[in-house]
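The block underneath contains the structure these notes are about, expressed in C-alpha cells.
The values are calculated or read from the model by the stated rules, or taken from the named source; none is laboratory data. Since we're looking at a predicted model, the values are computed, not measured. Cβ coordinates were reconstructed from backbone atoms using ideal geometry, including for glycine residues, and neighbour counts include every protein chain displayed. Keep in mind that these areas ignore ligands, DNA and RNA; they rest on the heavy atoms of the full protein, side chains included. Shrake-Rupley method; radii C 1.70, N 1.55, O 1.52, S 1.80 Å.
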Amino acid sequence: MEVKNQVTPDMQVAMDFFSQAEDGPFVMLNLLKFKEKAENDSDSGSSGREAYQRYGQVASQCIQKVGGRMIFTGAVTGLLLGEIEENWDMVALVEYPSLEAFRNMTALPEFVEASKHRSAGLAGQLNIKIKPTSPVR
C-alpha cells in the first residue's frame, strides 16, 4: 500500500466524495503531518503545528455550527505495527451528522478564511471517512 499525504484533495476526488449518496452520520479520521515552520505571512515565525492550531480553533467552532463534534485529538507517539516512511504528528476523529453538514462546513466564510493557517502548517494529511458500525459515544 502506498500512502500519499496531501494538503488539498484533487478536484475529481473531491467531486466524487461529495457526490456520494447521503448515508447519515460518519466519523472522519484525520492523520496530520506538520511542516517544521509555517509558510505564510500571517503565521510567520510559527511552527506548522502552531499555525494548524489557529485553524483548528476556528474549525472546531464550525464543526459544532453544523451539528458535528470533535471526538478525539492526540499526538502520535509511536508505531507498533507496519512500516511507514515517516509517522504522522497528530490524529483527530470528528463526527459529522451528514455529508451535507460536512460540505456546508467547508463553505462557511470563517472556515474558508481560517484554512490559510491549515495550508501554512500542514505538510500533508489523510482524511478517511468512516461509517460507524456501533454507536459513537
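The table that follows gives values for the structure above.
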read-out	value
Rounded Å value of the spacing that divides the Cα centres of the range 19-83 and the range 103-137	6
Residue with peak Gaussian network fluctuation, the chain [Cα springs, cutoff 10 Å], from PHE102, PHE26, PHE72	PHE72
D_trans [Stokes-Einstein, Kirkwood Rh over alpha-carbon pairs] for the range 1-67, 10 °C, 1.306 mPa s, µm² s⁻¹	108
Violating pairs (Cα-Cα greater than 24 angstrom) within the set LYS4/LYS129; LYS4/LYS35; LYS37/LYS65; LYS33/LYS116	LYS37/LYS65
Computed [θ] at 222 nm, deg cm²/dmol, the chain (DSSP H ≥ 4; -39,500 (n - 2.57); rounded to nearest 500)	-11000 deg cm²/dmol
³J(HN,Hα), Karplus 6.51/-1.76/1.60, whole Hz, each residue of the range 69-77, x for Gly, Pro	7, 6, 8, 6, 9, x, 7, 7, 10
Amide hydrogen neighbours beyond the local backbone of SER46, cut-off 5 Å, H modeled	ALA38
Extended-chain gain in nm, criterion 0.36 nm per residue less alpha-carbon gap, VAL91 and SER134	13.4 nm
Among PRO25, PRO97, PRO109, residue whose mean-square fluctuation peaks in a GNM of the chain (springs only between Cα atoms under 10 Å)	PRO109
Fluctuation leader among VAL112, VAL94, VAL13 - the chain, Gaussian network, Cα springs under 10 angstrom	VAL13
Shape metrics for the range 40-137, restricted to C-alpha atoms - Rg then Dmax, Å	14.8, 44
Neighbourhood net charge (14 Å Cβ-Cβ; Lys/Arg +1, Asp/Glu -1) for GLU36	-1
Sites excluded, GluC sites (Glu not before Pro) in DSSP loops with at most 14 other C-beta within 10 Å, longest stretch of the chain	87-137
Sites THR77 and ASN40, calculated FRET efficiency, Cβ-Cβ separation with R0 22 Å, nearest 0.05	0.20
Within the accessible area of the chain (1.4 Å probe), percent carbon and sulfur	53
The chain - percent relative contact order, Cα under 8 Å, separation 6 or more	43
